[in-house]
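Chemist: Below you'll find the structure I mean.
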Amino acid sequence: MTSSREVVPVVTDLSIIIVSYNARADLERCLASLQEPAPAISHEIVVVDNASSDGSADAARRWPAVRVIESDANRGFAAANNIGIRASAGAHLLLLNSDTVVPAGAIDGLMRELRTHPDAAVVGPRLVDAAGRAELSFGRMMSPLNELRQKRLERGHARREPAISRRVEDMTRHEQWPDWVSGACLLVRRHDAEAVGLMDERFFMYTEDVDFCAAIRARGGRILFTPAIEIVHIRGRSASTAPAATHAAYRRSHLAFYQKHHPGLAPLLRLYVRFFVHAR
C-alpha cells in the first residue's frame, strides 16, 4: 500500500474518509460537492482507493485539498475505512460513501448536531436519492425478525407502495435514537471509534456499520439519526459493476455478523443460504 504524499497529518476538527472502488464518476461528483463550498469547520479529506482500475486515484489527486491513499488490493469497505482513519488526525471522523453528494452546509450541520447532543457518539443524516425520496438509513439491531421488518419496508418503499412509502417518509422526518445508522454517511467521535478498535475487518462489505454501532452502544454510546441534515445518496454504482461478487460479499458478511452476534442462529442461516438461496 502506498500513499500519494508523504505528509504528516495536521490535527484538525474533522477527517472526512471516503473509500472508493471503481466509481470514478461518483467520486469526482462527491469531491466536487465537498468543495462547493467547502465546510467551514477545519477538516481534511482522505480518499482510500481500493485498487481501482478506472483511474479513481488519479482523478482524486486533482483536488489539492485531498490526500489519496492507494491500497495494493481491494481490502473491502471496513478495512479501507480503517486505513483512512489511522492515516488521519481529526478529532471527529466522517465516513462518507463515494456515491454521495453533500449539499452546502450539511457537514457543518452534522457537526452542530453532534455537539448539541453530547450523549451521542454517532450521528447519521437523512439520506435521500437524486429525486429527493427518503432512504431508510437506520434501524434496530440485526436479528431475523428485525431484518424481516426492515426488508419489508425497504422493498415496499422501492416498489413505491403508497402506505409503506408514507411510513418511511414519516419515520425519516423525526429524530430517532436507533441501534444503527448507515455507513454511507456516519459521523463519529474519534475517541469512540478508537475505543472499539475501529471497524471489524471481517466484514468485507455490508453489515459493518451495524456492527460498528453495536460495539459503540455496548460501551454506552448512543446513536442519533437526525432529519435536520440531508445527504444525497446515489446508491450502488460500484456494486452494480460486479453484481455477483457484491451478492457473494453480502452473504459472507451476513453470515459473519450472525456468527459474531447470534452464534446459535448462524448454522441455520448457513443452511438457508445453501439450500434456498443457492438453489434459486
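Chemist: Given a 1.4 angstrom probe, what's the average accessible area per residue across the chain, in square angstrom?
Modeler: 46 Å²
Chemist: Rank by packing, highest mean first: peptides 162-173, 98-109, with packing defined as the count of other Cβ atoms within 10 Å averaged across residues.
Modeler: Put in order of decreasing packing, that is 98-109, 162-173.
Chemist: Computed over the Cα atoms of the range 61-111, what is the ratio Rg over Rh, Rh following Kirkwood?
Modeler: 0.97
Chemist: Separate question: GLN176 to ALA131: extension gain in nm, 0.36 nm per residue of separation minus the Cα-Cα distance?
Modeler: In short, 13.9 nm is gained.
Chemist: Let me ask you something else. Considering only DSSP beta bridges with both partners in the chain, what is the antiparallel share in %, to the nearest 5?
Modeler: Details: 15 of 42 bridges.
Antiparallel: roughly 35 percent of the beta bridges in the chain.
Chemist: What whole-number volume per residue, in cubic angstrom, does the convex hull of the C-alpha atoms of the chain give? Each step should come with its number before you reach the end.
Modeler: Details: hull volume 35.8 nm³, N = 280.
Given the Cα convex hull of the chain, per-residue volume reads 128 Å³.
Chemist: How large, in percent, is the carbon and sulfur part of the accessible surface of the chain at a probe radius of 1.4 Å?
Modeler: On the way: 7100 of 12870 Å².
Of all accessible area on the chain, carbon and sulfur atoms account for 55 percent.
Chemist: So, in nm, how far is label ARG219 from label ALA32 when the simple model puts each one 7 Å beyond its Cα toward the Cβ?
Modeler: About 3.8 nm separates the two model spin labels.
Chemist: Only helical DSSP H runs with n ≥ 4 go in: add -39500 (n - 2.57) per run for the chain, normalise by residue count and round the 222 nm mean residue ellipticity to 500 deg cm²/dmol.
Modeler: -11000 deg cm²/dmol
The values are calculated or read from the model by the stated rules, or taken from the named source; none is laboratory data. What you see is a predicted model; the values in this text were computed from it and never measured. Here Cβ is always computed from backbone atoms with ideal geometry, including for glycine, and neighbour counts include all displayed protein chains. Quick note on the areas: whole protein, heavy atoms, side chains included, nothing else; ligands and nucleic acids left out. Shrake-Rupley method; radii C 1.70, N 1.55, O 1.52, S 1.80 Å.
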